[in-house]
1. Answer yes or no as to whether residue 14 is surrounded by 10 or more Cβ atoms within 10 Å (Cβ to Cβ), closer than 30 Å to residue 97 by Cβ and not assigned by TED's automatic domain parsing to the domain that holds residue 82.
2. Scan (1) out of contact with any strand residue (DSSP E or B) (no Cβ under 6 Å at 6 or more places or on another chain); (2) over 28 Å from residue 25 (Cβ atoms) for the single condition residue 149 breaks and write down its number.
3. If you take the residues of region 137-190 that are without any contact (Cβ under 8 Å) to a residue 12 or more places away in the chain and under 19 Å from the mean Cα position of the chain (by Cα), which of them is nearest to residue 95 (Cα to Cα)?
4. How many residues does region 119-132 hold that are farther than 17 Å from residue 76 by Cα and touching a helix residue (DSSP H, G or I) at 6+ places or on another chain (Cβ under 9 Å)?
5. When residue 31 is evaluated against the numbered criteria (1) over 15 Å from the mean Cα position of the chain (by Cα); (2) exposed (fewer than 14 other Cβ atoms within 10 Å of the Cβ), which criterion, by number, is the only one it fails?
6. Got a sec? Which of 94, 105, 57 is touching a helix residue (DSSP H, G or I) at 6+ places or on another chain (Cβ under 9 Å) and either in the same structural domain as residue 155 (by TED's automatic domain parsing) or touching a residue at least 24 places away in the same chain (Cβ under 8 Å) (or both)?
7. Which strands (runs of 3 or more DSSP E) sit wholly inside region 74-186 and have at least 3 residues that are crowded, with 16+ Cβ neighbours inside 10 Å?
8. Give region 4-58 a look and list any residue that's within 30 Å of residue 155 (Cβ to Cβ), in contact with a strand residue (DSSP E or B) (Cβ under 6 Å, 6 or more places away or on another chain) and outside any strand (DSSP E or B), or say none.
């Protein structure tokens, strides 16, 4: 491989060391911005991270609880999952909301775009506010054993502040909704 530049970094070699349907791990031999030899591991995500903050007419949201294998811990989160690149993220958001909670929404607003862990991965996220909710049957994936909890938005905000909700996309999305609410821009009219 011919050395290539990536910003102030010089990539001397690149080797894919692991891949599955969701991620690819690549090892890079590099020259750092200071021109010293180094290594860099990059986790490439094959899907977009998608999140939804559903809010009903009474000002409640829906949280999804599940055991998270990497953390060996139970986690309360907004409805979220992966969306294929090349598919409209809003379509993926509607699918995730329906799969995890059974809800469908008449109204949507994009509230967030974020890079979730940009020191080691290229994972990008998009999150939406959804309202005008209609209940239905959830359809979780085989890898998911989910609990769904309806809580007042202020309770979800408190859970973030107390560290009871720690998932990055959930924290960012709920804080975005909180800011909209504080600024008087949380218009959920039909």
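The values are calculated or read from the model by the stated rules, or taken from the named source; none is laboratory data. Remember, predicted model here, so these are calculated numbers, not experimental data. Positions of Cβ are backbone-derived with ideal geometry, glycine not excepted, and every protein chain shown enters the neighbour counts.
1. Details: surrounded by 10 or more Cβ atoms within 10 Å (Cβ to Cβ): yes; closer than 30 Å to residue 97 by Cβ: no; not assigned by TED's automatic domain parsing to the domain that holds residue 82: yes.
When the stated conditions are applied, residue 14 does not pass them.
2. With respect to (1) out of contact with any strand residue (DSSP E or B) (no Cβ under 6 Å at 6 or more places or on another chain); (2) over 28 Å from residue 25 (Cβ atoms), residue 149 is out only on (1).
3. This residue is 143.
4. 5
5. (2)
6. Going through 94, 105, 57 in turn, just one is touching a helix residue (DSSP H, G or I) at 6+ places or on another chain (Cβ under 9 Å) and either in the same structural domain as residue 155 (by TED's automatic domain parsing) or touching a residue at least 24 places away in the same chain (Cβ under 8 Å) (or both): 105.
7. Details: elements: 80-84, 104-115, 124-134, 147-152.
Strands (runs of 3 or more DSSP E) meeting the threshold: 80-84, 104-115, 124-134.
8. 56
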